[in-house]
Amino acid sequence: MTLFSDLNLDPRVLQAVAEAGYATPTPIQAQAIPPALERRDVLGIAQTGTGKTASYVLPMVTLLAQGRARARMPRSLVLAPTRELAAQVAENFDTYARHLSLTKALLIGGVSFAEQDRLIDRGVDVLIATPGRLLDHFERGKLLLTGVQIMVVDEADRMLDMGFIPDIERIFQLTPFTRQTLFFSATMAPEIERITSTFLTNPARIEVARQATAAENIEQRLVGVKPERRDRTAAEKRAMLRALIRAEGAACTNAIIFCNRKTEVDVVAKSLKNHGFNAAPIHGDLDQSVRTRTLDGFRDGALHLLVASDVAARGLDIPAVSHVFNFDVPTHPEDYVHRIGRTGRAGRSGRAITIAAPADDKHVAAIEALIKMPIPRAAAPALPDEAEAGQGGAHGRRGRRDMPETPRRPARAASPRAAADAPGPSPAAAQQEPARPEAAATPLPRREHPAGRAPRPEPARPEPARPEPARRDRRERDREAGRGELPAPGWGDHMPDFLMRGFVTRQAGD
Ligand code: AMP
């Protein structure tokens, strides 16, 4: 078995690793650190949760321990697709370089240029950035990339999904040809192969096993919903989600709920809150300060349910998540692997429950082909009368802290890069998580998203226990009871009360 002490790391780095509590390197660390220390290029095919961040941070800080930074000329560069991942990489540097006197700057949106310029002016050993923000600084003439000796591209597959590949190519061209490149991707799409064969020189290629195939401590389940009408799918999935969370009871200490679209993240989070659950959304359209506050609440246990999009959740290191719920079946099978990998971390057991509608069959098949096993089917829990089940059941009020309301922002069209990291209410968002072609091509259920209108949030109601069951619940119960419901085209999913009153469906012979 390899030990960290076998890896030729700087003794001060070894000390920091020991203080972080890590005894032995993970497979990607054991294989990537030696060639990286020899200044070879590395191509790591590994995903979040494998310890890949330390596999490049540890050799980088060891190599950078000698030498000094010059003003505006960073000695190394790490590119990450999202602000959250960039911030986590920065935390890793702080941890592992704590006994070295290295300087770093984090260039992400939502932080003022002036502050970042000041850091760059002083000279930094390590620059950690999202691609758009980095190029913004470069174009303002505040930054020179000709001193970069080591360049890392992390989560390249996500960069591809987000349309960053042209930016990455440009950044490669701005750095010296002699640089060392450490390149990480969970998958090797043809475009990623092309980039690596263009910009990496004879890399050490290291592939580590997919977590999902190895993680026996994650119990997977698939629960089907079979709506009578397609336009009821989302509402029935929300009712199923509530029933599943309640059925897990106290075993569900906290959970991440994944949706495929940002709009759905908002709707699901709001719906859960309306039903008394302690839930909040996280996606790229939210202000950085809101995202940070939400994540902090989730980490410290004040927030119980985090409703997330794939990109927002990417790379988040939240060690103890008991459950993952897939509100939507992901359209990219590898996203399933990433999502369920959020639970069952660090040897803990976890449960991943996926809600699937008949239209998801082909995506489920693709996932099962990837993970090389069927996802065990589970019976749906009974959908109780929600008024009797209590608002949010065991999960509602416990430890509740109202999370800030998250304003919905219109997604402004912008060039991928211009939007990349714009501070504040972000055009960034649209670009942080662009609709994937597949997702965009999927027709939205008509009554969930009436044509030409943004999906309407469910009506805000006061949070304290509501005396009456929600309107939607009454409709659901009516349907279950076989009472007729006349379709009202154009009203979306939110049938006004006046349309509900006094309608009687005449049966033949009435
Ligand atoms: P990453 O794949 O870089 O996102 O890392 C996933 C998690 O593994 C993080 O919580 C790291 O702190 C943790 N980790 C990194 N290296 C090790 C190690 N050698 N042993 C145990 N945990 C580690």
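Structure data summary
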| read-out | value |
| --- | --- |
| Filtered residues of the range 35-49 (kept if under 21 Å from A87 (Cβ atoms) and more than 8 Å from the ligand (Cβ to nearest atom)) | G44 |
| Test for D285: is it in a helix (DSSP H, G or I) and modelled with pLDDT under 95 | no |
| Filtered residues of the range 50-79 (kept if buried (at least 19 other Cβ atoms within 10 Å of the Cβ) and within 11 Å of the ligand (Cβ to nearest atom)) | T50, K52, T53, A54, S55, Y56, V57, L58 |
| Residues of the range 96-123 satisfying the condition of being farther than 15 Å from A71 by Cα, outside any loop (DSSP other than H, G, I, E, B), in contact (Cβ under 8 Å) with a residue 24 or more places away in the chain and open to solvent by 40 Å² or more (accessible area, probe 1.4 Å) | F113 |
| Residue count for the range 1-17, restricted to those that are more than 10 Å from the ligand (Cβ to nearest atom), among the aliphatic types (A, V, I, L, M) and part of a helix (DSSP H, G or I) | 3 |
| Hits in the range 67-95 (condition: among the aliphatic types (A, V, I, L, M) and assigned to a loop (DSSP other than H, G, I, E, B)) | A69, A71, A80 |
| The range 78-95 residues that are free of Cβ contacts under 8 Å to residues at least 60 places away in the same chain, paired with ones that are of a type outside the set (A, V, I, L, M, F, W, C) and outside any helix (DSSP H, G or I) (beta carbon under 7 Å, 6 or more apart) | A86/T130; A90/K104; F93/K104 |
| Residues located in the range 18-34, provided they are within 11 Å of the ligand (Cβ to nearest atom) and buried (at least 21 other Cβ atoms within 10 Å of the Cβ) | P25, I28, Q29, I33 |
| Of all residues in the range 197-212 being open to solvent by less than 70 Å² (accessible area, probe 1.4 Å) and over 27 Å from Q173 (Cβ atoms), the one that is modelled with the highest pLDDT | V208 |
| Every residue from the range 312-348 that is part of a loop (DSSP other than H, G, I, E, B) and at pLDDT 75 or above | V321, S322, F327, D328, V329, P330, T331, H332, G341, R342, T343 |
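The values are calculated or read from the model by the stated rules, or taken from the named source; none is laboratory data. Computed from a prediction, not measured in an experiment: that's the story for all the values here. Glycine gets a Cβ as well: all are built from the backbone with ideal geometry, and neighbour counts include every protein chain shown. Each accessible area value is taken on the protein alone, full model and side chains, heavy atoms only, with ligands, DNA and RNA left out. Shrake-Rupley method; radii C 1.70, N 1.55, O 1.52, S 1.80 Å.
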